[in-house]
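Reading through the structure tokens given below for one structure.
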Amino acid sequence: MTTHDAARAAVIVLVLSAAPALAQDPAPRIGPFALDLHATVPQFPNEDAQLAASRGMQVAELPGNGLGVQASAHLYLLKVKVVTVGIGAEFAASRARKTPDAAAATTTSRALRPSEERFSTFSPQLSLNFGNGRGWSYLSGGIGVANWAIVPEGQEGFAADSESLRTINYGGGARWFAKSHLAFSFDVRFYAINPGTPFIANQLGSPRTTLMIIGAGISLKP
């Protein structure tokens, strides 16, 4: 089982197991809307030869994990038995940097360059929510667009770094309201990014990739 498979299974188990406990006592309904703001850790791939070749890079130049932010807003419209259906939208942006050390540079055919990786995406979302107004878990997903730039030093403005890629996101998380309007929240999300267009002769574009981003922060509701 891969890391991504284990994370998907953990999200589903957590969401479904949290629902009955949250629903035991009479409590206010979920919503009517919520705002989330999270700090995130994106798991950028750093061993993908095709991804590196799509930018004319060496694998050792790929930055790997980074930091980012995630903001979303959700409106809760309808409750069907134990499930509250919501609609909303999400924006996420992440960045990673890498400066190769001297030891790594001596093992390659040419000098390794510093590089920067940037990912941003916007998407509408549909969510299924379990619990009540004091705290609830959710599963959600949507289809949007993303921009994925991987820029080695001296290669700014490369066409692949400004391409818009169709992206499906799915995941889940939970919100716990210690105060009536303020909650701690977390989100584990997967972004299935379409392959990129080839811009280098005799090389493929960036591969179809599933990027995992883990976020935690605050949620607000009225």
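The values are calculated or read from the model by the stated rules, or taken from the named source; none is laboratory data. What you are looking at is a predicted structure, and each value in this text was computed from that prediction instead of being measured. Note that we place each Cβ from the backbone using ideal geometry, even for glycine, and neighbour counts take in every protein chain shown. The area values use the complete protein model at the heavy-atom level, side chains included, leaving out ligands, DNA and RNA. Shrake-Rupley method; radii C 1.70, N 1.55, O 1.52, S 1.80 Å.
One residue stands out among those in region 146-165 that are open to solvent by less than 20 Å² (accessible area, probe 1.4 Å) and among the small types (Gly, Ala, Ser): the one that is modelled with the highest pLDDT, which is ALA146. Within region 36-76, being in a loop (DSSP other than H, G, I, E, B), in contact (Cβ under 8 Å) with a residue 24 or more places away in the chain and of a type in the set (Asp, Glu) holds for one residue alone: ASP48.
Taking region 47-96, which residues are in contact with a helix residue (DSSP H, G or I) (Cβ under 6 Å, 6 or more places away or on another chain) and among the β-branched types (Val, Ile, Thr)? The answer is VAL59, and nothing else. Search region 114-143 for residues being within 15 Å of PHE33 (Cβ to Cβ) and hydrophobic (A, V, I, L, M, F, W, C), and hand back the single one that is surrounded by the fewest Cβ atoms within 10 Å (Cβ to Cβ). Among those that are within 15 Å of PHE33 (Cβ to Cβ) and hydrophobic (A, V, I, L, M, F, W, C), it is LEU126. Name the single residue, out of those in region 27-49 being more than 21 Å from the chain's Cα centre (by Cα) and buried (at least 17 other Cβ atoms within 10 Å of the Cβ), that is nearest to GLU90 (Cα to Cα). If we take residues in region 27-49 being more than 21 Å from the chain's Cα centre (by Cα) and buried (at least 17 other Cβ atoms within 10 Å of the Cβ), then GLY31 is nearest to GLU90 (Cα to Cα). Please work out which residue is surrounded by the most Cβ atoms within 10 Å (Cβ to Cβ), limiting yourself to region 166-222 and to residues that are charged (D, E, K, R) and closer than 22 Å to ASN147 by Cα. Looking at the filtered set, the residue picked out is ARG189. I need the full set of residues from region 133-172 which are in a strand (DSSP E or B), small (Gly, Ala, Ser) and more than 13 Å from the chain's Cα centre (by Cα), in order please. Within region 133-172, GLY135, SER137, ALA149, SER164 qualify.
Go through region 85-101 residue by residue and tally those that are farther than 25 Å from VAL59 by Cβ and surrounded by fewer than 21 Cβ atoms within 10 Å (Cβ to Cβ). Residues in region 85-101 being farther than 25 Å from VAL59 by Cβ and surrounded by fewer than 21 Cβ atoms within 10 Å (Cβ to Cβ): 5 in total.
Please determine whether any residue of region 187-198 is more than 20 Å from PRO45 (Cβ to Cβ), not polar (S, T, N, Q) and not in a loop (DSSP other than H, G, I, E, B). Within region 187-198 (the criterion being more than 20 Å from PRO45 (Cβ to Cβ), not polar (S, T, N, Q) and not in a loop (DSSP other than H, G, I, E, B)), the answer is yes, since at least one residue qualifies.
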